[in-house]
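Worksheet: one structure, shown below.
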């Protein structure tokens, strides 16, 4: 694992239930998140753990993997969290096994601070020094695309990846709108306790 991991956060001027729905529903998640082409639930246990498969289509190849997640919808401090572990046997995937979390924190103005911290084992060895910043950028760009969807209702398909070159459109998603430095030494230092107990995907 890398020393710092990846940290991204964005403030979203939308209700908690709106942000929760767009991020926890697999079909909605894959619409705004560049890191996934499809997310398909496979089983849900009585303890709330959700198992799923995921895909990321890249040119002529589709990377496939499995994952498990566990959401905490009701916490004493009013926040919500979602812990995740994922894995793939695809040798072409730049991300092999990994783990991370989402945290949803209510803001005084009624909005939500949406935060992620995650880390992964690299499938590309030394090339990860180039890949990791790209993954961080893609995560931040996706978070801002989610923000626009949650705040305005404009669907994420309005902003395909090529829209990053539409510099004259001020409303387009921008990774720069997101904060990228973790508050502690490592991106996973603020992870919820559920991440430590979450099983590895099979």
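The values are calculated or read from the model by the stated rules, or taken from the named source; none is laboratory data. The structure displayed is predicted, hence computed values, not measured ones. Cβ: placed from backbone, ideal geometry, glycine included. Neighbour counts: every protein chain shown.
Can you tell me which of 71, 48, 67, 78 is in contact with a helix residue (DSSP H, G or I) (Cβ under 7 Å, 6 or more places away or on another chain) and under 23 Å from residue 115 (Cα atoms)?
Answer to the check: 71.
Which condition number does residue 174 fail, the rest of (1) without any contact (Cβ under 8 Å) to a residue 60 or more places away in the chain; (2) in contact with a helix residue (DSSP H, G or I) (Cβ under 6 Å, 6 or more places away or on another chain); (3) crowded, with 21+ Cβ neighbours inside 10 Å being met?
Result: residue 174 fails condition (3) only.
Just one of (1) touching a residue at least 24 places away in the same chain (Cβ under 8 Å); (2) within 23 Å of residue 136 (Cβ to Cβ) trips up residue 59, so point out which.
Unmet for residue 59, out of (1) touching a residue at least 24 places away in the same chain (Cβ under 8 Å); (2) within 23 Å of residue 136 (Cβ to Cβ): (1).
Can you tell which of 99, 113, 91 is touching a residue at least 24 places away in the same chain (Cβ under 8 Å), part of a strand (DSSP E or B) and either more than 22 Å from residue 196 (Cβ to Cβ) or over 14 Å from the mean Cα position of the chain (by Cα) (or both)?
Every option except 113 fails the conditions.
Collect the residues in region 116-155 that are in a helix (DSSP H, G or I), touching a helix residue (DSSP H, G or I) at 6+ places or on another chain (Cβ under 8 Å) and closer than 14 Å to residue 18 by Cβ, keeping them in residue-number order.
146, 147, 148, 149, 150
So residue 4 clears everything in (1) free of Cβ contacts under 8 Å to residues at least 24 places away in the same chain; (2) assigned to a loop (DSSP other than H, G, I, E, B); (3) out of contact with any strand residue (DSSP E or B) (no Cβ under 7 Å at 6 or more places or on another chain) except one condition, right? Which one?
The one condition residue 4 does not meet is (1).
Rundown of residues vs (1) surrounded by fewer than 19 Cβ atoms within 10 Å (Cβ to Cβ); (2) part of a strand (DSSP E or B); (3) modelled with pLDDT of 95 or more, yes/no style:
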| site | (1), (2), (3) |
| --- | --- |
| 30 | no, no, yes |
| 42 | yes, yes, no |
| 64 | yes, yes, yes |
| 82 | no, yes, yes |
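List every residue pair whose Cβ atoms lie under 9 Å apart, where the two residues are 6 or more positions apart in sequence or sit on different chains, the first residue falls within region 145-168 and is on the phi < 0 side of the Ramachandran plot and loosely packed, with under 11 Cβ neighbours inside 10 Å, and the second residue, located anywhere, is outside any loop (DSSP other than H, G, I, E, B) and at pLDDT 95 or above.
157/31
Could you check, for region 189-197, whether at least one of its residues is touching a helix residue (DSSP H, G or I) at 6+ places or on another chain (Cβ under 8 Å), assigned to a helix (DSSP H, G or I), free of Cβ contacts under 8 Å to residues at least 40 places away in the same chain and under 30 Å from residue 91 (Cβ atoms)? Show your work before the answer.
We begin by selecting, within region 189-197, every residue touching a helix residue (DSSP H, G or I) at 6+ places or on another chain (Cβ under 8 Å); these are none.
Within region 189-197, none of the residues are touching a helix residue (DSSP H, G or I) at 6+ places or on another chain (Cβ under 8 Å), assigned to a helix (DSSP H, G or I), free of Cβ contacts under 8 Å to residues at least 40 places away in the same chain and under 30 Å from residue 91 (Cβ atoms).
Please state which one of 10, 19, 68 is at negative phi, surrounded by 13 or more Cβ atoms within 10 Å (Cβ to Cβ) and not in a strand (DSSP E or B). Spell out how you get there, then give the answer.
On the way: 10 fails: not in a strand (DSSP E or B); 68 fails: not in a strand (DSSP E or B).
Sole residue among the options that is at negative phi, surrounded by 13 or more Cβ atoms within 10 Å (Cβ to Cβ) and not in a strand (DSSP E or B): 19.
Among the numbered criteria (1) touching a residue at least 40 places away in the same chain (Cβ under 8 Å); (2) outside any loop (DSSP other than H, G, I, E, B); (3) over 17 Å from the mean Cα position of the chain (by Cα), which one does residue 200 miss?
(2) is the only condition that residue 200 fails.
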